[in-house]
Amino acid sequence: MRSRSRADKFEDRRRELADAALLTLAELGYARTSLRTIADNTEFSHGLLHYYFADKIDLITYCVQRYKDACVQRYEGFVAEARTPAELAAACGNGLAATLADAPLMHRLWYDLRAQSLYEEAFRDDVAEIDGRLQDMIWRLVRGYAQLSGAEPTCSPSAAYAMFDGLFQQALQRYVAGSGTALDELRDNCRDLLPRLFV
């Protein structure tokens, strides 16, 4: 069996540190978090965090990328088994609602990071990359619906993503504010939106 390289071990350590930092980042957000704050809330020293991450921007983007990658994989698992357009639309709504309920603070951190990218150039490439992966995820869903229904979508990939993302962000805002209906509304709105994207 091949011994693990130094690069593999370095990456393993970055993942371990990022996972430990996620709770603090998700709870406090970008503006109120520093590497020292994270060190104070984990078992790791400030120096160790600084060895593996250049600064808090490096750490936050790494954390959010890891989490969003996991979300994409999980969400695609929700919709992979649908056999009819109606089943796929239902899986779409159920999957997005479950993803929101699973970790609302992590999604809040993502929107915080995306807003910061309007001001912090250092975030822009990473935010664009994550946005691109999320858009691709939604477009695969739309194309899957097209194959099941025999219809063609009436919108572009970016427009489809903007609509689903808008519903998700609004639901997140209501959910974080304590709404008891936010998840049901997201589930229903996404289920109803998907067929409306087709002729």
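The values are calculated or read from the model by the stated rules, or taken from the named source; none is laboratory data. Treat the numbers as computed from the prediction; the structure is a model and nothing was measured. We place every Cβ from the backbone using ideal geometry, glycine too, and count neighbours over all the protein chains shown.
Does L109 satisfy the condition of being within 12 Å of the chain's Cα centre (by Cα), closer than 20 Å to E27 by Cβ and of a type outside the set (D, E, K, R)? Please lay out each step first, then the result.
Values: within 12 Å of the chain's Cα centre (by Cα): yes; closer than 20 Å to E27 by Cβ: yes; of a type outside the set (D, E, K, R): yes.
Yes.
Within segment 16-29, work out how many residues are closer than 16 Å to D112 by Cβ and not in a loop (DSSP other than H, G, I, E, B).
To start, the set of residues in segment 16-29 that are closer than 16 Å to D112 by Cβ comprises 21-29.
Next cut, not in a loop (DSSP other than H, G, I, E, B) only: 21-28.
Total satisfying the criteria: 8.
From T42, T33, T37, which residue is of a type in the set (V, I, T) and modelled with pLDDT of 85 or more?
Numbers: T42 fails: modelled with pLDDT of 85 or more; T33 fails: modelled with pLDDT of 85 or more.
Going through T42, T33, T37 in turn, the sole match is T37.
Mind listing whichever residues of segment 157-183 are touching a helix residue (DSSP H, G or I) at 6+ places or on another chain (Cβ under 9 Å) and in a loop (DSSP other than H, G, I, E, B)?
Scanning segment 157-183 gives S179, T181.
Identify, by number, the condition in (1) under 18 Å from M106 (Cβ atoms); (2) touching a residue at least 12 places away in the same chain (Cβ under 8 Å) that R187 doesn't meet.
Single failed check for R187: (1).
Among (1) part of a helix (DSSP H, G or I); (2) loosely packed, with under 15 Cβ neighbours inside 10 Å, where does L118 come up short?
Of the numbered conditions (1) part of a helix (DSSP H, G or I); (2) loosely packed, with under 15 Cβ neighbours inside 10 Å, the odd one out for L118 is (1).
Whether any residue in segment 175-191 is in contact with a Cys (Cβ under 8 Å, 6 or more places away or on another chain), within 19 Å of A80 (Cβ to Cβ) and of a type in the set (D, E, K, R) is what I want to check. Walk me through it before giving the result.
Looking only at segment 175-191, we keep the residues that are in contact with a Cys (Cβ under 8 Å, 6 or more places away or on another chain), and these are 190-191.
So of that shortlist, the ones also within 19 Å of A80 (Cβ to Cβ) come out as 190-191.
Restricting the remaining residues to those that are of a type in the set (D, E, K, R) gives 191.
Yes, because at least one residue in segment 175-191 is in contact with a Cys (Cβ under 8 Å, 6 or more places away or on another chain), within 19 Å of A80 (Cβ to Cβ) and of a type in the set (D, E, K, R).
Would you confirm, using the coordinates I've provided, whether R32 is surrounded by fewer than 16 Cβ atoms within 10 Å (Cβ to Cβ) and outside any helix (DSSP H, G or I)? Walk me through how you get there before you give the answer.
Details: surrounded by fewer than 16 Cβ atoms within 10 Å (Cβ to Cβ): yes; outside any helix (DSSP H, G or I): yes.
Yes: the conditions hold for R32.
Can you tell me which residue within segment 130-156, out of those that are assigned to a helix (DSSP H, G or I) and among the small types (G, A, S), is nearest to the chain's Cα centre (by Cα)? Steps first, please.
Going through segment 130-156, the residues assigned to a helix (DSSP H, G or I) turn out to be 130-149.
Imposing the further condition that a residue be among the small types (G, A, S) reduces the set to 132, 144, 146, 149.
On the way: G132: 11, G144: 21, A146: 24, S149: 28 Å.
Here the answer is G132.
Here are some conditions: (1) closer than 25 Å to S117 by Cβ; (2) in contact with a helix residue (DSSP H, G or I) (Cβ under 6 Å, 6 or more places away or on another chain). H46 meets all but one. Which one does it not meet?
Every condition holds for H46 apart from (1).
Give all pairs with beta carbons closer than 7 Å in which a residue from segment 132-161 that is within 11 Å of P85 (Cβ to Cβ) meets a residue that is exposed (fewer than 14 other Cβ atoms within 10 Å of the Cβ); count only pairs at least 6 apart in sequence or on separate chains.
Between residues of segment 132-161 that are within 11 Å of P85 (Cβ to Cβ) and residues that are exposed (fewer than 14 other Cβ atoms within 10 Å of the Cβ), the close pairs are A146/E152; L148/T84; A151/V199.
When you go through R187, R196, R174 one by one, which is the residue that is at pLDDT 95 or above, exposed (fewer than 14 other Cβ atoms within 10 Å of the Cβ) and charged (D, E, K, R)?
R196
Would you point out which residue out of T154, T181 is more than 21 Å from D102 (Cβ to Cβ), modelled with pLDDT of 95 or more and β-branched (V, I, T)? Spell out how you get there, then give the answer.
Values: T181 fails: more than 21 Å from D102 (Cβ to Cβ).
None of the other options fit; the residue is T154.
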